Amino acid sequence: MSKNPVIKFANFSEKLKNVVIVPVAKDGSVAAQASHIGGEGYIAGLIGKAGFKGKLGATLETYLSGDSGAERLILVGIGDPAKLKNDDWLKIGGTAFAKIGKSSEANAILAVEGLDIAADAAAEFALGAQLRAYRFDKYKTKKNDDKAEAGDVRLAIYVADVSAAEKAFEALQEVGEGVQLARNLVNEPANILGPVEFAAEAEKLEKLGVKITVLNEKDLKKLGMGALLGVAQGSVRPPRMVVMEWNGGKAKDKPVAFVGKGVVFDTGGISLKPGLGMEDMKGDMGGAAAVTGLMRALAGRKAKVNVVGVIGLVENMPDGNAQRPGDIVTSMSGQTIEVINTDAEGRLVLADALYYTAKTHKPRFMINLATLTGAIVVALGTEHAGLFSNDDELAGRLFEAGQKSGEKLWRMPLTKEYDKIIDSKFADMRNSSGRPAGSITAAQFLKRFVGDTPWAHLDIAGTAMDSPAGDYNESWGSGFGVRLLDRLVRDHYED
Ligand code: BES
Ligand code: MN
Ligand code: ZN
């Protein structure tokens, strides 16, 4: 798996490295701390001749002569520095890092004219570099020579307040580790990562002080999780449920809860999916990966909050023992479900995982993440994940965390009219009701298992994987949800 670049912070007085990154604000303004590079007036002249306007995300690269020690100069446009917000510095960091290429020693002069860059922004810049450096190339026996080994790159970020930036990045780096863990889990093929293997990966969080409980098939049967078990029964690989607990808050505080869909591979079951593109269904555990990555992030930065993460791990396979369309299963809640379509399996897994979480942990709120429906990809594409909630305050906070983190959400409706659509002729409800409002009816289904608990469902089918490469993500599995929910917890739920 990819190694992180070595990232450090230092003073502007440090000497220049081989590659120097300099932010350029709109209209070509460069901070005094950088303006001497290449000789007095050199950068200003270059910007003028090249017509470089410092547009956010634009870059200009050139070579340096002279004896400053620096050989290459990378100018990165940042637009209007007073207007930078949210994930802009993260994007700038990712863009800048990509330009370093194979050089091993680089530094960034993080200063702009007339404005101090906050420590938080510097840390976001560093995180952008860390996330852009991520590679999943463990199965490539021949390495791509054109790409730098991220672990070989040493990036020094020169800032005004070194210790404040260090402190901010110390926490954010852990969030980055969480994102990378989630990406690794999503990218890993299903022959390597089954339910048992996924549970073993989650167990590794014990090192960070996370309490892990793994429920096996016998435990799940005893709990009466007929909905989850029905999905698993077509696979030779047994299901697991993993409960991860991080108690960083006050003992009396109710936990916040995150629940993830962990279908390690979704063939559709007897309602078999078409072959074209089916390989993508190795990523159908993106919700569980995000929850695991989030636990990694929160424990790593020792977040002052009690949190429980629950993931339902199954494989959805067609087999002589697989469940059939028309089968009726009894969920842990006691409610019965007619399985109209075995490919609508995620909601069956989550029905039991959500009910279990509400009942056993009585959380302050529950948020589940799931690559739940193709319909959400049709509705929102790869720009927003779908947000469904029974609680306006929670929904509002989530929306805002999405805007800030750049992992954006868009709220979708839940109403009793939509709920009625999933009534069944033979059981309490059916797991599929055809194409109209496909994402909403899936969410209505989940809602029937959450009781009075404030709850939100994030449909991440369009954002967890295969979204277009961005400034800080080149990976197929994006790790979507980790930074979003870390932000939510940080802004509202820590002591
Ligand atoms: N895992 C899929 C949803 C999905 C589709 C995720 C594309 C990522 C990309 C889910 O289990 C599924 O098959 N949903 C069905 C539901 C239908 C049968 C009611 C769908 O969306 O077609
Ligand atoms: Mn499916
Ligand atoms: Zn699925």
Which percent of the Cα-Cα distances in the range 32-185 go past 20 Å? 53 percent
What angle do you read, to the nearest 10 degrees and between 0 and 90, between the alpha-carbon axis of helix 162-187 and the longest principal axis of the chain? 40 degrees
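Rule-of-thumb check for the range 332-436: C-alpha Rg over 2.2 N^0.38 Å? Walk me through the intermediate numbers first.
Details: Rg = 15.0 Å, N = 105, 2.2 N^0.38 = 12.9 Å.
Compared with the compact-globule rule of thumb, the range 332-436 sits at 1.16.
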Spin-label point model (7 Å from Cα, Cβ direction): what's the Lys207 to Glu40 distance in nm? 5.3 nm
Put +1 on the Cβ of each Lys and Arg and -1 on the Cβ of each Asp and Glu in the chain; which of Gln180, Met244, His384 then has its Cα farthest toward the positive end of the dipole? Met244
So what's the projected area for the range 252-346, the Cα convex hull averaged over all directions, in nm²? 8.0 nm²
What residue among Leu84, Ile109, Gln130 has its Cα farthest toward the positive end of the dipole of the range 24-155, where the charges are +1 on Lys, Arg and -1 on Asp, Glu, each on the Cβ? Gln130
To the nearest 10 degrees, the tilt of helix 119-132 (Cα long axis) against the first principal axis of the alpha carbons of the chain is 70 degrees
Among Ser475, Phe97, Gly283 the positive-end extreme of the charge dipole of the chain (Cβ point charges): Gly283
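How much area per residue is accessible in the chain when the probe is 1.4 Å and only protein heavy atoms are counted (Å²)?
Numbers: 20270 Å² over 495 residues.
Result: 41 Å² per residue.
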When the Kirkwood hydrodynamic radius is evaluated over all pairs of different C-alpha atoms of the range 159-259, what value in angstrom, to one decimal, is obtained? 16.5 Å
Keeping all protein chains in the complex and leaving out DNA, RNA and ligands, what accessible area do you get for Ile192 with a 1.4 Å probe, in Å² to the nearest 10? 80 Å²
Give the carbon-plus-sulfur fraction of the accessible surface of the range 253-400 in %, rounded to a whole number; probe 1.4 Å, heavy atoms of protein chains only. 53 percent
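Among the listed pairs Lys55/Lys282; Lys17/Lys207; Lys273/Lys447, which have their C-alpha atoms separated by more than 30 angstrom in this model?
On the way: Lys55/Lys282 38 Å; Lys17/Lys207 36 Å; Lys273/Lys447 26 Å.
Result: Lys55/Lys282; Lys17/Lys207 exceed 30 Å.
Rank His457, His492 by accessible area, highest first, at a 1.4 Å probe radius? Display every interim value, and only then the final one.
Values: His457 0, His492 65 Å².
Sorted by accessible area, descending: His492, His457.
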Cα pair distances of the range 175-224 binned at 10 Å [whole percent]: 21, 44, 29, 5
Magnitude of the Cβ-charge dipole (Lys and Arg +1, Asp and Glu -1) of the range 355-455 about the Cα centre, nearest 20 debye, reported as 240 debye
Rg(Cα)/(2.2 N^0.38 Å) for the chain, N = residue count: 1.04
Suppose only helical runs count, i.e. DSSP H with n ≥ 4. What mean residue ellipticity at 222 nm does that imply for the chain under -39500 (n - 2.57) per run, divided by all residues and rounded to the nearest 500 deg cm²/dmol? -10500 deg cm²/dmol
As I understand it, the value is the acute angle between the Cα axis of helix 286-300 and the longest principal axis of the Cα atoms of the chain; what does it come to in degrees, rounded to 10? 60 degrees
Size of the dipole of the chain about the Cα centre, Lys and Arg at +1 and Asp and Glu at -1 on the beta carbon, nothing else charged, in debye to 20? 500 debye
With bins 10 Å wide starting at 0, give me the P(r) of the range 271-415 over every alpha carbon pair, in whole percents. 9, 33, 39, 17, 3
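How do Tyr355, Tyr472 rank by accessible surface area computed with a 1.4 Å probe, from largest to smallest? Please report the intermediate quantities before stating the final value.
On the way: Tyr355 65, Tyr472 35 Å².
Most to least solvent-accessible, the answer reads Tyr355, Tyr472.
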When each pair of different Cα atoms in the range 374-479 is counted once in the 1/r mean, what is the Kirkwood radius in angstroms, to one decimal? 14.8 Å
How much of the accessible area of the range 63-185, in percent, comes from carbon and sulfur atoms when a 1.4 Å probe is used? 45 percent
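The values are calculated or read from the model by the stated rules, or taken from the named source; none is laboratory data. Keep in mind the model is a prediction, meaning the values are calculated, not measured. Backbone-built Cβ (ideal geometry, glycine too); neighbour counts: all protein chains shown. In case anyone asks, the SASA skips ligands and DNA or RNA and just uses the protein heavy atoms, side chains included. Shrake-Rupley method; radii C 1.70, N 1.55, O 1.52, S 1.80 Å.
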